[in-house]
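Worksheet: one structure, shown below.
The values are calculated or read from the model by the stated rules, or taken from the named source; none is laboratory data. None of the values given here were measured: they were computed from a predicted structure. Cβ coordinates were reconstructed from backbone atoms using ideal geometry, including for glycine residues, and neighbour counts include every protein chain displayed.
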Amino acid sequence: MNKKILLAEDDRNLGTLLRNYLAAKDYETTLFTDGRSALEAFSSGSFDLCILDIMMPEMDGIALARAIRNNNPYVPVIFLTAKNQEEDIIEGFKTGADDYITKPFSMEELLYRIEAVFRRSIAVKTEKEDTVSMIGEYSFDSKRQLLIHKDEKISLTTKESELLELLFRHRNEILERNFALKSIWIDDNYFNARSMDVYITRLRKYLKKDPAVKILNIHGKGYRLIC
């Protein structure tokens with residue numbers, strides 16, 4: 001059965017282009033040009049993913065995301081943003097957004113992000129049923145914030161655990177630096193960025209006993225957990 005996508009974009013030309021492209025990729029996509037009508041449709045329908053433009057009439061994307069989260073806290077949300085909407089992006093992550101994409105963007109990039117969000121959603125659902133994940137030779141218990149290698153137990157801080165969990169959800173693919181900062185630290189300012197570098201160094205130290213597990217720097221983009 002095709003995945004159903006709610007697309008809220010007030011630029012009808014762009015919205016129609018996106019809807020037709022996604023339909024061609026077998027995503028059943030319904031377009032709304034204002035937040036109010038999108039919310040009404042979400043409340044009475046069933047959707048697997050929401051793609052929301054931040055700037056919309058009637059109800060903006062942030063308010064719409066909050067209302068959607070009140071209705072269904074698990075449906076994935078991707079924001080469409082302009083380059084000058086930094087504060088709005090941060091607010092979007094506070095609503096629990098799964099990803100964002102900055103205009104202008106390519107159709108292929110949007111498709112990649114949609115597919116990545118669906119993969120993570122499946123992984124998160126599975127991991128919530130069992131909070132213990134295997135990272136190479138390590139056992140990672142995200143609920144208890146423990147990293148176990150043979151007989152050694154490492155107690156992780158909350159930030160270390162959250163960052164490792166995020167890396168694991170994106171394992172073997174790129175975890176974008178800004179996405180990680182805004183997901184965990186909310187703000188991607190200089191000091192938080194330096195803080196995250198420290199946590200990455202710590203996680204590498206914890207994981208060094210298994211040479212098959214690596215956290216790679218992807219220049220200009222972010223990190224990749226290989227396991």
Revision key, fill the gap. All-but-one check, Leu110 against (1) touching a residue at least 40 places away in the same chain (Cβ under 8 Å); (2) assigned to a loop (DSSP other than H, G, I, E, B), failing number (2)
**Study point:** Residue match in segment 124-139 (condition: closer than 14 Å to Leu225 by Cα and part of a helix (DSSP H, G or I))
**Key:** no
Practice item. Only residues that are under 16 Å from Val117 (Cα atoms) and touching an Asp or Glu at 6+ places or on another chain (Cβ under 8 Å): list them for segment 24-51, please. Key: Ile51
**Study point:** Leu31 free of Cβ contacts under 8 Å to residues at least 60 places away in the same chain, in contact with a Lys or Arg (Cβ under 6 Å, 6 or more places away or on another chain) and crowded, with 16+ Cβ neighbours inside 10 Å
**Key:** yes
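Of a type in the set (D, E, K, R), more than 17 Å from Leu80 (Cβ to Cβ) and more than 21 Å from the chain's Cα centre (by Cα): does that describe Arg12?
Considered against the rule, which asks whether it is of a type in the set (D, E, K, R), more than 17 Å from Leu80 (Cβ to Cβ) and more than 21 Å from the chain's Cα centre (by Cα), Arg12 comes out as no.
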Point to revise | Criterion violated by Lys83 - all others in (1) at pLDDT below 95; (2) loosely packed, with under 14 Cβ neighbours inside 10 Å; (3) under 21 Å from Val117 (Cα atoms) satisfied | key: (3)
Practice item. Any chance you could count how many residues in segment 49-70 are closer than 22 Å to Leu110 by Cβ and surrounded by fewer than 18 Cβ atoms within 10 Å (Cβ to Cβ)? Key: 2
Review point. Within the set of pairs 6+ apart or on separate chains, which have a first residue in segment 39-51 that is touching a residue at least 40 places away in the same chain (Cβ under 8 Å) and on the phi > 0 side of the Ramachandran plot, a second that is surrounded by 12 or more Cβ atoms within 10 Å (Cβ to Cβ) and among the β-branched types (Val, Ile, Thr), and C-beta atoms under 8 Å apart?
Key: none
Review point. Over 17 Å from the mean Cα position of the chain (by Cα) and either in contact (Cβ under 8 Å) with a residue 60 or more places away in the chain or surrounded by fewer than 17 Cβ atoms within 10 Å (Cβ to Cβ) (or both), is that true of Thr158?
Key: yes
